[in-house]
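The structure under discussion appears below in the form of C-alpha cells.
Read the figures in this text as sums done on the coordinates, not as results from a lab. All figures in this text were calculated on a predicted structure; none of them were measured in a lab. Here the Cβ positions follow ideal geometry from the backbone for every residue, glycine too, while neighbour counts run over all protein chains shown.
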Amino acid sequence: MALKDKLKSLRTESGMTQETVAEKLGVSSQTVSKWERGLLSPDISLLPKIAILFHCSIDSIFEMDSLWGIEHRKNFKDKIRELNEKNDYEGTYKALISEIELNPEHYGNYADVMFHILKKKMFDINHVQKMISLAEYAERNCTDDDMRNEIYRLMIQICSQTENSEIKKKAMYYYIKLPKLRHSREVYAKFVMEGEEYLSQIKKNIIYMIDMVECEVRQLISNEMTLEEKLYYYKKAAEVYETVLDNKYAGFFDVPVLCDYANIVSLLMQSGDSEHAEMYMNRILYMLERHLSEDDKKETSKLLYSAYIPNSIPAEQSCIKLFDDMINNANFENFKEPILELYERYKKYFNMT
C-alpha cells in the first residue's frame, strides 16, 4: 500500500478527520490533505507523533525497515547501557517508554521496562500505573500467549510491592490470568497471598501437580504393551499419589490410587502372580474400610489440602463404580467374597442400597 493510502486508511479507521489529525500533529489540514493525495510526505521529525497517534509502529506506516533494523536496535541498546552505567534509572525508564511509544506492537519492550521497574524497585504510584496501562494494552492486543504471560508474571510482582491497596488487588488479577502450569501461576502465589491462605494454595498446587503427573503416567500405557510394561506404569502412577497420601484418608484423592491398585491386581492375576495381587487387593479393601470410619476421616495427609474438591463427583459414588467393576471382572474372582461383603456395608453406610 502506498504511503498516501496508508495514511488515509489509518485516519479513517481511527474515526478522525483531516482537521483532527492536523491539530494533534501541529500541522495544517492542507498539509494532511497533501499527504493523503501523495503531493507531500511527512517530515521525518513527525514520524514518532504519527505512530503514537495511530497506535502503530513507524515501519508499519512508512515501510522504513532501516529505522527498526539492526542499526537502530544497536544504537538503542548502547543508549540503555550508557544510562545504566550512569545509574540514570529514570533516564533508562524514559528511553524504554519512548521505544514502546514508537513501536507499541513490539511487546518485548513492555517486558523490558517492567523488568527494569521491578529490578530497580521503582514502585511509586506513577511508574506502576504506567505499567498497568501497558499491561492492559498488551492484554487487549497481544496475541502471543508466552509474551502476554510474561507480562502477567512481571505485573504480579510489581503490583504486589506497592503500598496502594487497590494496586495490590491487581496482583491477584494478573495471578488469576496465568495458566495453571509449573513456572506460571504456582510459583507466584507468594506475591498475592500470605498466612494460611498461602499455605493452603501451596498444598493445592502440590496436589494439582501430583494429580497431573499421575494422569500423565497412565497416559503412557497402551494396549500394545506387555503385561510387565503395563504393571510398571500403573505401579509408578500409584506411587505418585502414595508420596503425598501418607497412608491416610484422602476422600476424593483416594479414587485415582484405588483405580491404579485395581488395574495392578487385574494384571497380576493375568500374569499368575496371585501372591502380589492379594497384597494390592488388601490395600484396596483397607482404603475402602477407612471410608466407613469417621475417626479415620479425620486423619488426613499433611500435604493433602482437602478431602474433597468442590463440585466434583463424591468419592463414595466413584468407589461404588469401582466395586461394580471389580465384581464383574473375572480377574477378581479369588477376592469376590471380601469385595461383596464390604460392598454391602459400603452401600448401607452411604445410603446407596
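Annotations for the structure displayed:
- Highest average first, the peptides 291-300, 164-173 ordered by how many other beta carbon atoms sit within 10 Å of their residues are 164-173, 291-300.
- Counting only DSSP H runs of at least 4 residues, each contributing -39500 (n - 2.57), and dividing by the residue count of the chain, the helix-based mean residue ellipticity at 222 nm comes to -21500 deg cm²/dmol.
- Cross-link partners of LYS170 among lysines, defined as those whose alpha carbon lies under 24 angstrom from its own and excluding same-chain residues fewer than eight positions apart: LYS94, LYS119, LYS120, LYS121, LYS130, LYS180, LYS190, LYS203, LYS204.
- All C-alpha pair distances within the chain, sorted into 10 Å bins from zero, spread as 5, 17, 19, 15, 12, 12, 10, 7, 3, 0 percent across the bins.
- Cα gyration tensor, region 84-192 - rounded (a/c under 1.5), prolate or oblate: oblate
- Counting only residues at least eight positions apart within a chain, or on another chain, the aspartates and glutamates with an alpha carbon under 12 Å from that of LYS297 are ASP254, GLU289.
- Under 26 Å from LYS6, Cα to Cα: lysines that are on another chain or at least 8 residues apart: LYS24, LYS34, LYS49
- Counting only Cα atoms, the size of region 3-67 along its three principal axes is 30, 22, 20 Å, in decreasing order.
- Protection proxy ranking for 33-39, 232-238, using the average of other Cβ atoms within 10 Å per residue and placing the highest first: 232-238, 33-39.
- Each peptide among 190-199, 252-261 gets the average number of other Cβ atoms lying within 10 Å of its residues, and from highest to lowest they stand as 252-261, 190-199.
- Gyration tensor (alpha-carbon) shape descriptor, region 199-315, a/c threshold 1.5: oblate
- Label-to-label distance for SER165 and ASP43 is 5.1 nm, based on points extended 7 Å past Cα in the beta-carbon direction.
- Stretch gain in nm, segment THR243-PHE350, where the contour uses 0.36 nm per residue and the Cα spacing is subtracted: 35.7 nm
- Charge context of ALA111, other residues only, Cβ under 13 angstrom, K/R +1, D/E -1: -2
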